[in-house]
Amino acid sequence: MISIPSRHRSLALLAVVLAVQVLLLAVQIRPDSRSKQRLIRVWAISLISPLERAGAWGVEHVRGAWNRYIALRGARRENEQLHQEVDALKLRIQQLEGRAAEADRLSVLLGFRRSHAETPMLAARVIGAAADPASQIVFIDRGTRDGLRRDMAVITPDGIVGKIIDVVRDTSQVLLITDKDSGVGAMLADSRVQAPVSGTGEPLLVMKYVSNDDKVVPGARVVTSGMDRIFPPDLPVGTVVEAKLGNPFQQIRVKPVAALDRLEAVIVLLSLHPLVAQTEASPAQPLSQKQGKASPAPAAATPPPERTSQEAPNR
């Protein structure tokens, strides 16, 4: 064992004795005559209180962090649920908007059919399109069982669409007027100058064989003439967007009035009977006059001298 020098032992003993005396005094002495707590208790409380405060602070912060973590996990789950509900509501809104748009289209078709009740016609839905991008063909959900046959006219309330080129029991193929093999007997609504309109495979049509002496300006309306024996007369075809002199005929480009790039529902005309709109002001008016264009209907349609100049060959 390490020996402690006598001088150091005396100092240590003195320190112990002093400490004992101080403790005894602290046990006996009260800091205030009115207080019942002894001094040693006050010292003990003063010594332990900082430790207790530090422990309480640490526990409080740990508990707060844990609660925030649990709450954050709950908020994350709730946030995911809300996102799922929002996605479901968006899908529902899109479905309702689609149904509303379909109802509007059907309402327009129904109104058109009622306004031309004397003309036999049949509504059809577009169910597909040709896979070949160079071919302007769509398919409708009507066929031979509905009384359809080749060369029947297909229109919308806005204007003509095309003609039926093939029919099976439940579906039919419709050649759009923009197809390069399509042709329509047409005329200028104001001057009544007749000329065939052909497709180019592009969005615009071409009006052929119009003399340079005839005045044609952009914005002029083009309607059917009835000379092709497919479309009744005075149905809207399109609007002239470009007209310039050429050799030997004018070069005229026509924009179709029907929205051929977003067809969803169409009308098949079951006869060549002219479309006569029933109005309150007049018992019967052609479609072009109903739209505010006063143009007399042509006489009974007769076959043209050269049929190929008015109608494109069937596919």
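The values are calculated or read from the model by the stated rules, or taken from the named source; none is laboratory data. Keep in mind that this is a model prediction, so the values were computed, not measured. Methodologically, a virtual Cβ is constructed for each residue, glycine included, from the backbone with ideal geometry; neighbour enumeration extends over all protein chains shown.
Check whether at least one residue in region 198-212 is among the hydrophobic types (A, V, I, L, M, F, W, C), under 10 Å from Val254 (Cβ atoms), assigned by TED's automatic domain parsing to the domain that holds Gly238 and over 29 Å from the mean Cα position of the chain (by Cα), and report yes or no.
Looking only at region 198-212, we keep the residues that are among the hydrophobic types (A, V, I, L, M, F, W, C), and these are 204-207, 210.
Checking the rest, the ones that are also under 10 Å from Val254 (Cβ atoms) come to 204-207.
From the residues that got through so far, the ones that are assigned by TED's automatic domain parsing to the domain that holds Gly238 too are 204-207.
So of that shortlist, the ones also over 29 Å from the mean Cα position of the chain (by Cα) come out as 206-207.
Yes, there is a match, as at least one residue in region 198-212 is among the hydrophobic types (A, V, I, L, M, F, W, C), under 10 Å from Val254 (Cβ atoms), assigned by TED's automatic domain parsing to the domain that holds Gly238 and over 29 Å from the mean Cα position of the chain (by Cα).
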Problem - Residues within region 41-68 that are surrounded by 10 or more Cβ atoms within 10 Å (Cβ to Cβ) and either in contact with a Leu (Cβ under 7 Å, 6 or more places away or on another chain) or not small (Gly, Ala, Ser) (or both), tallied - result: 16
Problem - Which listed residue, of Gly162, Gly201, Gly226, is out of contact with any helix residue (DSSP H, G or I) (no Cβ under 7 Å at 6 or more places or on another chain), buried (at least 22 other Cβ atoms within 10 Å of the Cβ) and outside any strand (DSSP E or B) - result: Gly226
Exercise for the section: Looking only at region 135-143, decide whether some residue is surrounded by 17 or more Cβ atoms within 10 Å (Cβ to Cβ) and outside the structural domain of Ala259 (by TED's automatic domain parsing). Expected result: no
Practice task
Output the residues belonging to region 115-138 that are part of a strand (DSSP E or B) and in contact with a Leu (Cβ under 7 Å, 6 or more places away or on another chain).
Solution key: Met121, Leu122, Ala123, Val126, Ile137, Val138
Exercise for the section: Working only within region 189-198, note down all residues that are of a type outside the set (Val, Ile, Thr) and either out of contact with any Ser or Thr (no Cβ under 8 Å at 6 or more places or on another chain) or exposed (fewer than 13 other Cβ atoms within 10 Å of the Cβ) (or both). Expected result: Ser191, Arg192, Ala195
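Yes/no per residue for (1) of a type in the set (Gly, Ala, Ser); (2) modelled with pLDDT of 75 or more:
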site: Pro5; (1), (2): no, no
site: Ser35; (1), (2): yes, no
site: Leu47; (1), (2): no, no
site: Val62; (1), (2): no, yes
site: Ala71; (1), (2): yes, no
site: Arg76; (1), (2): no, yes
Practice task
Take Arg105 and decide whether it is loosely packed, with under 14 Cβ neighbours inside 10 Å and in contact (Cβ under 8 Å) with a residue 24 or more places away in the chain.
Solution key: no
Practice task
Please give the number of the condition Asp151 fails out of (1) within 21 Å of the chain's Cα centre (by Cα); (2) among the charged types (D, E, K, R); (3) modelled with pLDDT of 90 or more.
Solution key: (1)
Problem - Flag if Thr178 is hydroxyl-bearing (Ser, Thr, Tyr) and touching a helix residue (DSSP H, G or I) at 6+ places or on another chain (Cβ under 8 Å) - result: yes
